[in-house]
1. Please verify whether GLU284 is out of contact with any Cys (no Cβ under 7 Å at 6 or more places or on another chain), farther than 27 Å from LYS198 by Cα and crowded, with 19+ Cβ neighbours inside 10 Å, treating the condition exactly as stated.
2. Output the qualifying pairs, or none if there are none: Cβ atoms under 7 angstrom, residues six or more apart or on different chains, first residue in the range 113-132 and touching a residue at least 40 places away in the same chain (Cβ under 8 Å), second residue assigned to a helix (DSSP H, G or I) and surrounded by 14 or more Cβ atoms within 10 Å (Cβ to Cβ).
3. For the range 147-157, indicate whether the set of residues that are more than 17 Å from the chain's Cα centre (by Cα), assigned to a helix (DSSP H, G or I) and either closer than 22 Å to THR204 by Cβ or touching a residue at least 60 places away in the same chain (Cβ under 8 Å) (or both) is non-empty.
4. Any idea which of LEU114, LEU159, LEU170 is surrounded by 14 or more Cβ atoms within 10 Å (Cβ to Cβ) and farther than 30 Å from ASP3 by Cβ?
5. Only one of these is in contact with a strand residue (DSSP E or B) (Cβ under 7 Å, 6 or more places away or on another chain), among the polar types (S, T, N, Q) and crowded, with 16+ Cβ neighbours inside 10 Å: SER62, SER29, SER35, SER55. Name it.
6. Among the listed residues ARG243, ARG206, identify the single one that is touching a helix residue (DSSP H, G or I) at 6+ places or on another chain (Cβ under 8 Å), assigned to a helix (DSSP H, G or I) and without any contact (Cβ under 8 Å) to a residue 60 or more places away in the chain.
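The values are calculated or read from the model by the stated rules, or taken from the named source; none is laboratory data. Predicted, not measured: the structure shown is a model, and the values here were computed from it. All Cβ positions, glycine included, derive from the backbone under ideal geometry; neighbour counts span all protein chains shown.
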Amino acid sequence: MHDRRILLAEPESEHAAKLTEMLEAMRYSVERVESGILALQRLQDSDTPEMALLSANMPLMSGMEVALEIRRRTRRRQLWLMLMSSTPSAEEVAMATDAGIDEFMVKPVSSAELRMRIRTGERVQAVYREITDSAAVLEFHATHDPLTGTWRREAMLDLLFQETDRAQRLRTPLSLLLMDIDRFTELNLRHGYATGDKLLPLLTSRLRDQFRSYDIIGRVGGDEFLIALPGCISLHAEQQGDRLRQSISRRSFRVDGIDLHLTASFGVAESQGRSPLIVLREAERALATAKLQGRNCVRIYGTGETAQTVLPESRRKAVLNPQT
């Protein structure tokens with residue numbers, strides 16, 4: 001929906017009152033400031049209006065200077081900037097264009113001219129929003145799994161490197177929890193791959209219920225999910241994994257009138273500021289131990305036999321290799 005707000009930077013009270021009346025007739029909510037400094041400050045706020053009508057002559061800072069600064073300082077979003085001047089020259093108009101002014105008007109501004117300039121701005125901004133929304137959709141699909149809405153493998157790895165940098169800088173713990181659905185291939189063969197595809201979003205929803213909003217969840221294989229747990233040592237990650245394990249095993253998933261009973265195995269590894277690729281490999285080995293020890297359990301890398309267990313080549317997922 002179009003933002004029906006406009007910032008009016010005009011020191012002359014009489015002219016400001018006339019402009020406000022015209023803008024309100026166009027169903028705009030007008031926010032007025034009287035100096036260039038105040039206009040610049042307001043245009044840098046996160047909730048600033050999408051349009052601004054600036055007087056060329058203002059105390060402390062001219063409208064031209066406001067435009068130059070706002071274009072230089074922020075690329076947060078498109079702002080439609082209009083400049084008004086009482087005695088414009090060809091040089092001033094050229095300077096306004098170079099400063100990033102979208103429309104130039106001569107004072108006193110008529111209602112017809114103001115309406116035309118505003119409508120032009122609305123059309124341009126509508127196109128801008130459409131392009132921005134399309135780009136956001138494309139970016140989402142490039143980084144998220146279309147079936148579950150979780151992060152894709154490549155995007156997940158990028159986030160892991162960022163989280164590792166943060167853990168190193170703040171000296172806080174970070175653990176990885178790798179989950180694999182037990183005998184998922186058999187389920188697909190028995191009930192069909194379409195059933196498996198319908199099951200995964202239900203599983204993801206239950207998975208999200210068990211974790212915090214800032215935990216990072218990614219699908220890194222057909223039936224394999226990776227969860228990054230900032231602030232958690234391996235013991236806490238094990239407890240989180242066990243709660244999820246019980247949530248999965250104790251309540252069936254209903255798909256197309258069929259109750260499907262699942263279990264899952266989990267591997268845990270703690271970052272300790274090391275490369276995510278190393279920690280992922282350790283989580284894989286811990287997961288392999290969970291599989292070898294009967295499935296439906298959680299194992300931490302480095303405890304018991306885990307450190308010596310090597311993941312069989314036939315079971316290795318493509319977690320560490322985005323090209324496969």
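1. Values: out of contact with any Cys (no Cβ under 7 Å at 6 or more places or on another chain): yes; farther than 27 Å from LYS198 by Cα: no; crowded, with 19+ Cβ neighbours inside 10 Å: yes.
Against the criterion (out of contact with any Cys (no Cβ under 7 Å at 6 or more places or on another chain), farther than 27 Å from LYS198 by Cα and crowded, with 19+ Cβ neighbours inside 10 Å), GLU284 does not qualify.
2. LEU114/MET22
3. Taking the range 147-157 as the starting set, the residues that turn out to be more than 17 Å from the chain's Cα centre (by Cα) are 147.
Within this subset, residues satisfying the condition of being assigned to a helix (DSSP H, G or I) are none.
No, because not a single residue in the range 147-157 is more than 17 Å from the chain's Cα centre (by Cα), assigned to a helix (DSSP H, G or I) and either closer than 22 Å to THR204 by Cβ or touching a residue at least 60 places away in the same chain (Cβ under 8 Å) (or both).
4. LEU159
5. SER55
6. On the way: ARG243 fails: touching a helix residue (DSSP H, G or I) at 6+ places or on another chain (Cβ under 8 Å).
Step by step, each of ARG243, ARG206 is checked, and only ARG206 is touching a helix residue (DSSP H, G or I) at 6+ places or on another chain (Cβ under 8 Å), assigned to a helix (DSSP H, G or I) and without any contact (Cβ under 8 Å) to a residue 60 or more places away in the chain.
To keep it simple, each residue is scored yes or no on (1) at pLDDT below 90; (2) in a strand (DSSP E or B).
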position	(1), (2)
ILE37	no, no
ARG42	no, no
LEU54	no, yes
MET61	no, no
GLU69	yes, no
GLN78	yes, no
MET84	no, yes
THR87	yes, no
